[in-house]
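Heads up: the structure comes next, in structure tokens.
The values are calculated or read from the model by the stated rules, or taken from the named source; none is laboratory data. Quick caveat: nothing in here was measured; it's all calculated off a predicted structure. Neighbour counts run over all protein chains shown; Cβ positions are idealised from the backbone, glycine included. In case anyone asks, the SASA skips ligands and DNA or RNA and just uses the protein heavy atoms, side chains included. Shrake-Rupley method; radii C 1.70, N 1.55, O 1.52, S 1.80 Å.
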Amino acid sequence: DAMVIQNPRYQVTQFGKPVTLSCSQTLNHNVMYWYQQKSSQAPKLLFHYYDKDFNNEADTPDNFQSRRPNTSFCFLDIRSPGLGDAAMYLCATSNSIAWTEAFFGQGTRLTVV
Amino acid sequence: DQQVKQNSPSLSVQEGRISILNCDYTNSMFDYFLWYKKYPAEGPTFLISISSIKDKNEDGRFTVFLNKSAKHLSLHIVPSQPGDSAVYFCAAKRDSGAGSYQLTFGKGTKLSVIP
């Protein structure tokens with residue numbers, strides 16, 4: 001049973017055209033993360049939500065935004081995708097009270113044309 | 001500046017033999033370490049973890065060793081099976097305080113187990 005679900009699995013967008021990636025979870029975890037992973041690179045944390053509190057990494061470009069309307073859902077908005085934003089985007093969740101691991105979704109592969 | 005380093009991009013091992021994957025870290029604030037396994041077109045899945053108060057944790061065929069003084073950890077898989085072929089990521093975090101739920105990853109090591 002999928003616990004962290006990312007949609008779509010594959011997304012093609014045009015250069016400069018806003019795109020939204022979505023993530024939902026059935027684990028009721030209070031922390032949700034977005035990671036960017038480029039080929040042969042380490043997954044890089046973009047930002048995370050601790051409950052409703054948004055925490056941006058210092059080097060995350062302003063082009064990337066996020067929304068968390070409720071516990072279950074989190075969105076990644078890329079306002080003006082560039083060719084360099086093509087990557088795998090991974091959503092993850094964790095329980096800060098009893099932290100054991102971060103649970104990852106299957107990822108969304110973003111292609112920018 | 002990479003705080004978690006996996007210096008071997010790939011590793012090939014014969015089925016039945018031991019696979020040893022290595023990881024080094026530079027941030028002395030890290031005190032909790034995890035290994036994740038990733039198949040193509042799937043998200044990472046948790047494999048095993050270790051706290052800095054231990055130097056070894058074992059789960060079936062998987063054992064993680066931690067050498068705090070050397071800032072080094074390793075994952076041993078024995079015996080290796082073809083289904084173990086995947087990319088293995090080392091990850092680290094602080095066990096408490098600020099950043100205690102933020103993982104920093106290495107670049108991964110692609111393990112190929114040859115039948």
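Residue B:65 - would you say it is within 10 Å of the chain's Cα centre (by Cα) and over 30 Å from residue A:32 (Cβ atoms)? So residue B:65 passes the test. Screening B:95, B:84 for residues that are on the phi < 0 side of the Ramachandran plot and open to solvent by 40 Å² or more (accessible area, probe 1.4 Å) leaves exactly one candidate, B:95. Just one residue in the set B:58, B:15 is in contact with a helix residue (DSSP H, G or I) (Cβ under 7 Å, 6 or more places away or on another chain) and of a type in the set (Asp, Glu); that residue is B:15. Can residue B:53 be described as without any contact (Cβ under 8 Å) to a residue 24 or more places away in the chain, hydrophobic (A, V, I, L, M, F, W, C) and out of contact with any Leu (no Cβ under 6 Å at 6 or more places or on another chain)? Here the answer is yes, as residue B:53 does meet what is asked.
Looking only at segment A:97-113, filter to residues that are among the hydroxyl-bearing types (Ser, Thr, Tyr) and in contact (Cβ under 8 Å) with a residue 24 or more places away in the chain; which one of those is least open to solvent (accessible area, probe 1.4 Å)?
A:108
Which pairs have Cβ atoms under 8 Å, sit 6 or more apart or on different chains, and link a residue in segment B:74-90 that is more than 20 Å from residue A:42 (Cα to Cα) to one that is outside any strand (DSSP E or B) and of a type in the set (A, V, I, L, M)? Qualifying pairs under 8 Å: B:76/B:18; B:77/B:18; B:78/B:18; B:79/B:18; B:80/B:18. If you filter segment B:1-14 down to residues that are of a type in the set (Gly, Ala, Ser) and not in a loop (DSSP other than H, G, I, E, B), you find that the one that is nearest to residue A:3 (Cα to Cα) is B:10.
Taken together, B:48, B:18, B:77, B:114 contain a single residue that is closer than 17 Å to residue A:103 by Cα, modelled with pLDDT of 95 or more and of a type in the set (A, V, I, L, M), which is B:48. In segment A:25-51, the qualifying residues are those that are part of a strand (DSSP E or B), of a type in the set (S, T, N, Q) and in contact (Cβ under 8 Å) with a residue 60 or more places away in the chain, and the one that is nearest to residue B:36 (Cα to Cα) is A:37. Can you give me the ranges of the strands (runs of 3 or more DSSP E) entirely in segment B:15-110 with at least 1 residues that are more than 14 Å from chain A (Cβ to nearest Cβ)? Hits in segment B:15-110: B:19-25, B:56-59, B:62-67, B:72-77. If you go through segment A:57-86, how many residues are within 28 Å of residue B:88 (Cβ to Cβ), out of contact with any Leu (no Cβ under 6 Å at 6 or more places or on another chain) and open to solvent by less than 10 Å² (accessible area, probe 1.4 Å)? Result for segment A:57-86: 1. Could we say that residue A:54 is open to solvent by 70 Å² or more (accessible area, probe 1.4 Å) and assigned to a strand (DSSP E or B) here? In short, yes.
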